[in-house]
1. How many Lys pairs in the stretch 84-226 lie less than 18 angstrom apart by Cα atoms, where the lysines are 8 or more positions apart or on different chains?
2. Label-point separation (nm) for Val222 and Arg133, each offset 7 Å from Cα along Cα-to-Cβ?
3. Sort Cys110, Cys165 so that the residue with the fewest other Cβ atoms within 10 Å of its own Cβ comes first and the one with the most comes last.
4. If I stretch the segment between Gln47 and Asp24 completely, what's the gain in nm (0.36 nm per residue apart, minus their alpha carbon distance), one decimal?
5. Could you work out the per residue convex hull volume over the alpha carbons of the stretch 73-181, in cubic angstrom?
6. Order by neighbour count: His191, His217, fewest other Cβ atoms within 10 Å first, most last.
7. Loop-only check: which trypsin sites (Lys or Arg not before Pro) in the stretch 153-221 are DSSP coil with at most 12 other Cβ within 10 angstrom?
8. Assuming 0.692 mPa s and 37 °C, estimate D for the stretch 148-226 with Stokes-Einstein, Rh taken as the Kirkwood radius over Cα pairs, in µm²/s.
Amino acid sequence: MTIRFGAAQIILTHEHADAVLGLDDVWVAQPSGCKNDFGQVPIFLTQFTMDSVTARFPYLMKNKREEGDEVSEVAQLDWRIIEGDIGKPFVSSGLEFVPLPVMHGRDYVCLGFLFGRKSRIAYLSDVSRFLPRTEHEISKSGAGQLDLLILETNRMHGEAHAGSCHLTLNQTLDAVKRISPKRALLIGMNHEFEHHKENQMLAEWSRREGIQVQLAHDGLRVFVDL
């Protein structure tokens with residue numbers, strides 16, 4: 001997945017197709033000379049993701065016209081390499097972001113992010129297993145309670161196994177209990193979920209466990225004092 005803040009900051013979690021293919025459309029919003037509010041768009045990503053993006057979209061790496069070419073448009077993208085390490089935060093839109101590595105399958109590492117000065121928010125889009133240091137960083141019993149946890153729950157049912165790439169609903173709720181945020185929004189649901197029905201179940205779970213949890217939805221706006 002991609003995290004976007006405002007209109008001109010993009011943070012990539014990993015290099016899978018569902019996270020990066022939208023890059024091809026970013027420059028459509030950049031008119032000739034970039035004289036709108038976009039300017040040159042900063043894109044934060046790891047070197048591993050950068051290598052994959054470069055292979056898929058070599059033309060997005062160019063930000064200057066070739067000599068004698070006054071017609072072709074070029075993407076105005078500012079590629080910024082980050083480290084996938086909790087101990088190596090970076091700044092975007094005036095906020096510090098802490099990378100949160102998680103397992104996304106047997107041996108593939110995806111990044112989530114922790115951010116916010118006044119409120120602590122963690123975003124984790126593609127998870128099959130939490131690394132101990134990452135879970136400590138976002139847990140109430142570890143580095144401190146989150147105000148908001150945004151966490152995937154891809155499947156309603158299924159058994160955990162070494163090759164799993166995503167959390168089931170039960171696994172997600174187990175993780176929410178361990179992490180114990182003040183509030184959690186669940187994202188990335190597949191077609192098995194019936195939104196209203198599952199949210200009713202989650203409301204009962206929330207009353208029982210004392211943690212507000214619900215399925216997110218397209219167009220949802222969350223107001224947080226960062």
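1. Numbers: Lys118/Lys140; Lys118/Lys182; Lys140/Lys177; Lys140/Lys182.
For the stretch 84-226, qualifying lysine pairs total 4.
2. So the label points at Val222 and Arg133 sit 2.5 nm apart.
3. Values: Cys110 25, Cys165 16.
The order, fewest Cβ neighbours first, is Cys165, Cys110.
4. On the way: separation 23, 0.36 × 23 = 8.28 nm, distance 1.88 nm.
Once the chain is fully extended between Gln47 and Asp24, it gains 6.4 nm.
5. Working: hull volume 14.5 nm³, N = 109.
Here the figure is 133 Å³ per residue.
6. Working: His191 7, His217 11.
In increasing order of surrounding Cβ atoms, one gets His191, His217.
7. Working: sites: Arg155, Lys177, Arg178, Lys182, Arg183, Lys197, Arg207, Arg208, Arg221; in loops: Lys182, Arg221.
Those that pass, being in a loop and sparsely packed, are Arg221.
8. On the way: Rh = 13.1 Å.
In µm²/s, the coefficient is 251.
A short reminder: the numbers here are calculations on the coordinates, not readings from a lab. No experiment lies behind these values; they were computed from the predicted model shown. Neighbour counts are summed over all protein chains in view; Cβ atoms, including those assigned to glycine, are modelled from backbone coordinates with ideal geometry.
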